[in-house]
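Chemist: Let me give you the structure first, and then I'll get to my questions.
Every number in this text was worked out from the coordinates using simple rules, so none of it is lab data. Everything numeric in this text was worked out from a predicted model, so none of it was measured. Don't worry about glycine lacking a Cβ; one is built from the backbone with ideal geometry, like all the others, and counts go over all protein chains shown.
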Protein chains: 2
Amino acid sequence: MMTLADIAALAEVSESTASRALRDNPVVNIETRLKVQQIAQQYQFNVNPTARSLRTQKSYTIAVIILFDAKSQQAISDPFLLEILGVIADELTHKGYDMLLSTSKTKDKDWKTYYIDAKRADGLIIIGQGEHDQRIEQLSHSKVPFVVWGASSGHDSFTVVGSQNRSGAEAAVSHLVAQGCKHIAFLGDYRHNEIEQRYLGYQDALQKAGLVLDPAYELITDFTAQDGYVKTQQQLFPLLPKLDGIFAASDAIALGAMKALQEHGVQVPQQLAIAGFDDIAMSAYCSPALTTVKQDTINGGKLLVSKLLQQMDGEQAESELLPVRLLTRQSSARG
Amino acid sequence: MMTLADIAALAEVSESTASRALRDNPVVNIETRLKVQQIAQQYQFNVNPTARSLRTQKSYTIAVIILFDAKSQQAISDPFLLEILGVIADELTHKGYDMLLSTSKTKDKDWKTYYIDAKRADGLIIIGQGEHDQRIEQLSHSKVPFVVWGASSGHDSFTVVGSQNRSGAEAAVSHLVAQGCKHIAFLGDYRHNEIEQRYLGYQDALQKAGLVLDPAYELITDFTAQDGYVKTQQQLFPLLPKLDGIFAASDAIALGAMKALQEHGVQVPQQLAIAGFDDIAMSAYCSPALTTVKQDTINGGKLLVSKLLQQMDGEQAESELLPVRLLTRQSSARG
DNA sequence: GGAACTTTTGCAATCGTTTGCAATATCATT
DNA sequence: AATGATATTGCAAACGATTGCAAAAGTTCC
């Protein structure tokens with residue numbers, strides 16, 4: 001392995017000059033600069049990032065922390081997460097940063113100590129805000145650069161990027177109403193930040209339509225198809241005579257519910273219309289295809305990265321919620 | 001931030017002794033050791049990993065590289081990948097390693113140079129072998145510690161961990177045969193290592209059953225539900241009078257195919273039975289539920305990590321293929 | 001030709017550890 | 001009390017870069 005000293009020797013300059021030349025520091029003579037760069041190229045030399053980190057106190061690495069749902073421990077299995085993770089990875093690579101991935105179980109290292117103080121990372125991206133996490137709140141009191149994917153409270157003490165969950169949900173439910181649904185159930189766990197917003201959007205739509213909000217129609221449901229299936233059987237079947245619509249907080253839940261209904265002989269969408277949220281890959285390929293709300297993962301990932309880098313440059317970064325898109329498919333097509 | 005020097009001063013020993021004490025080196029007096037450790041604890045001191053890396057030339061980091069399918073660029077969206085990624089993350093954390101994640105587009109940095117030579121990582125885990133990748137072959141000629149998830153050729157020049165794709169596929173197809181299917185199509189792209197094995201298993205089963213192998217029944221299909229849908233419409237519909245079974249190389253493909261068939265009025269499983277591969281989350285919750293083959297992601301992830309660490313300890317690590325499990329559900333339940 | 005700048009360069013310190021080797025302390029033996 | 005082991009410690013040199021500051025070289029101007 002070559003070191004900077006070797007390159008310097010070959011170029012017949014000091015290490016300092018070689019170092020500056022490689023960083024294209026204009027203080028060194030242009031010819032010298034080119035010569036050093038040429039030699040570095042020729043010998044395929046790259047500066048040792050560890051040594052560089054030690055000296056500059058920067059790691060050129062970002063830690064991405066995926067929060068697990070406390071009990072169910074799923075989360076990384078959520079296809080939506082994967083998409084955005086891929087985008088983030090690309091963006092970071094593109095900006096010259098490495099990405100350290102951590103799937104955080106509940107009890108866990110102290111992020112600031114482990115990543116920032118130890119110089120393992122220069123900033124943090126946290127995904128899956130879940131139930132209000134006091135670790136995030138705590139981070140915001142330090143000067144650690146970090147961004148969170150999730151729901152914005154409107155006056156967060158930190159930078160949040162997420163989807164317009166509330167208006168997206170409202171659009172979906174209004175669509176169900178427009179299809180003639182009058183008794184629409186909500187499936188999801190509103191103790192989860194983002195789901196809470198979807199729940200509020202659900203209420204918004206019902207209110208605008210002048211429909212009653214019946215607590216019996218609100219089922220706390222985990223993120224899984226399995227729970228959508230079970231809760232539907234247990235708590236929705238009795239309501240079936242009147243029930244004519246379901247808005248599920250995620251596609252997985254919606255598909256689980258749909259399965260239960262179909263087994264029970266309910267016609268979807270004729271007898272009951274369904275809409276979900278996320279547009280997972282399968283949504284278009286189940287029968288009937290699922291009406292859903294699609295999040296903008298691409299811009300989401302890009303924004304997370306750019307806002308984080310902004311913070312690392314000492315600037316302020318505002319929270320931002322991205323528009324979503326309602327995809328109407330057969331599961332809600334009545335009449 | 002405290003440094004080792006501070007701790008040493010507090011404990012009234014030299015830095016060398018403090019360093020050894022923290023690493024529990026028996027050469028230092030037990031009392032001194034405890035004293036230093038106690039002080040370090042008290043002040044929440046952690047050694048700076050960058051400095052340590054620089055000195056020891058080890059990073060305590062493993063790079064996980066996810067290979068993208070050249071054209072379709074999906075891969076990280078594959079739910080199966082996410083599962084195993086989660087397991088790997090946990091295992092590495094547990095062993096005290098950090099995980100650098102890279103989603104590799106085709107043209108890309110040279111892994112050895114970027115990760116190993118630059119000391120960004122001590123070893124590599126490569127997922128998604130895909131079409132035969134000469135970069136992997138090339139790696140095996142260096143002394144870089146690495147493991148690959150995928151298909152074993154039986155005499156690889158590197159360590160592979162994967163599923164028993166061939167026998168798994170054979171089991172699935174034999175099951176279809178046992179259900180009375182006589183004309184079974186294969187959907188998948190056998191230019192992909194693992195799929196090739198599934199394809200061979202498909203052939204094994206047909207041969208054992210004394211059925212003919214008809215090339216017209218073999219459809220090169222991408223990994224997506226979409227392509228399963230399209231290829232089925234285009235190329236399977238004409239064969240429908242005789243066709244009575246489909247083995248898809250992935251659940252996504254199977255679900256796409258099933259959708260096309262249902263729209264076309266084909267009864268599944270009565271008229272045509274379907275089996276897939278992977279057991280993605282949706283497979284149990286579509287209608288009819290999909291018969292499939294489940295891979296052992298947990299042991300897969302654990303093995304990848306342990307075999308990699310073995311190599312890093314200078315030992316040899318054999319390739320290993322894990323047993324899979326056939327899950328029979330309604331999509332193949334005939335009579 | 002020398003003063004006063006402006007460019008370019010290199011010296012040497014620094015980032016925070018680890019570790020080979022030598023030095024010192026401790027202890028048993030004769 | 002001197003000798004030889006053995007158990008503990010610390011010195012100082014790495015590891016491979018970056019950077020403040022001063023020195024050297026090159027210009028300009030009178």
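Chemist: With n ≥ 4 as the cut-off for DSSP H runs, can you work out [θ] at 222 nm for the protein assembly as shown, using -39500 (n - 2.57) per run divided by the number of residues, rounded to the nearest 500?
Modeler: The per-residue figure over the protein assembly as shown is -11500 deg cm²/dmol.
Chemist: Taking Cα atoms, how many degrees apart are the long axis of helix A:297-312 and the longest axis of chain A, rounded to 10 and kept between 0 and 90?
Modeler: The angle comes out at about 40 degrees.
Chemist: What is chain B's relative contact order, in percent, from Cα pairs under 8 angstrom and six or more apart in sequence?
Modeler: 16
Chemist: When the gyration tensor of chain B is built from Cα positions, what are the square roots of 5 times its three eigenvalues, in whole Å, from largest to smallest?
Modeler: 51, 19, 17
Chemist: Also: Could you work out the Rg to Rh ratio of the stretch B:4-47, with Rh taken as the Kirkwood radius (inverse of the mean 1/r over all Cα pairs)?
Modeler: Value, to two decimals: 0.90.
Chemist: Test of understanding: ordering B:258, B:99, A:312 by Cβ neighbours within 10 Å, fewest first, what list do you get?
Modeler: A:312, B:99, B:258
Chemist: Right, another one. I'd like to know which of A:255, A:233, A:57 lies farthest towards the positive end of the charge dipole of chain A, counting +1 on Cβ of Lys and Arg and -1 on Cβ of Asp and Glu.
Modeler: Going by the Cα projections, it comes out as A:57.
Chemist: Helix A:193-208 versus the longest principal axis of chain A: what is the Cα-based angle in degrees, 0 to 90, to the nearest 10?
Modeler: For A:193-208 against chain A, the angle is about 40 degrees.
Chemist: Which value, in debye to the nearest 20, describes the size of the charge dipole of the protein assembly as shown about its Cα centre when Lys and Arg Cβ atoms bear +1, Asp and Glu Cβ atoms bear -1, and nothing else is charged?
Modeler: Here the protein assembly as shown has a charge dipole of around 240 debye.
Chemist: Would you tell me the mean number of C-beta atoms belonging to other protein chains that fall within 10 Å of each C-beta in A:89-100, as a whole number?
Modeler: Other-chain Cβ atoms within 10 Å of each residue's Cβ, averaged: 3.
Chemist: Given the protein assembly as shown, what percent of its DSSP beta bridges are antiparallel, to the nearest 5?
Modeler: Roughly 10 percent of the DSSP beta bridges within the protein assembly as shown come out antiparallel.
Chemist: Taking 1 over the mean of 1/r across every pair of different Cα atoms in the protein assembly as shown, what Kirkwood radius in Å do you get? Can you show the working numbers first?
Modeler: Details: mean 1/r = 0.0365 Å⁻¹.
It works out to 27.4 Å.
Chemist: Taking 20 Å as the cut-off for C-alpha to C-alpha distance, list the pairs among A:119/B:307; A:294/B:105; A:112/A:143; A:119/A:143; A:119/B:119; B:58/B:95 that go past it.
Modeler: Where the Cα-Cα span goes over 20 Å, the pairs concerned are A:119/B:307; A:294/B:105.
Chemist: Would you calculate the separation in nanometres between label points at residue A:270 and residue B:216, each defined as 7 Å from the Cα along the Cα-to-beta-carbon direction?
Modeler: Output for this residue pair reads 3.6 nm.
Chemist: So, one more: Express in % the proportion of alpha carbon pairs of the stretch A:178-335 at distances exceeding 22 Å.
Modeler: 43
Chemist: How far is helix A:30-42 tilted, in degrees, relative to the longest principal axis of the Cα atoms in chain A, given as a value from 0 to 90 rounded to the nearest 10?
Modeler: 70
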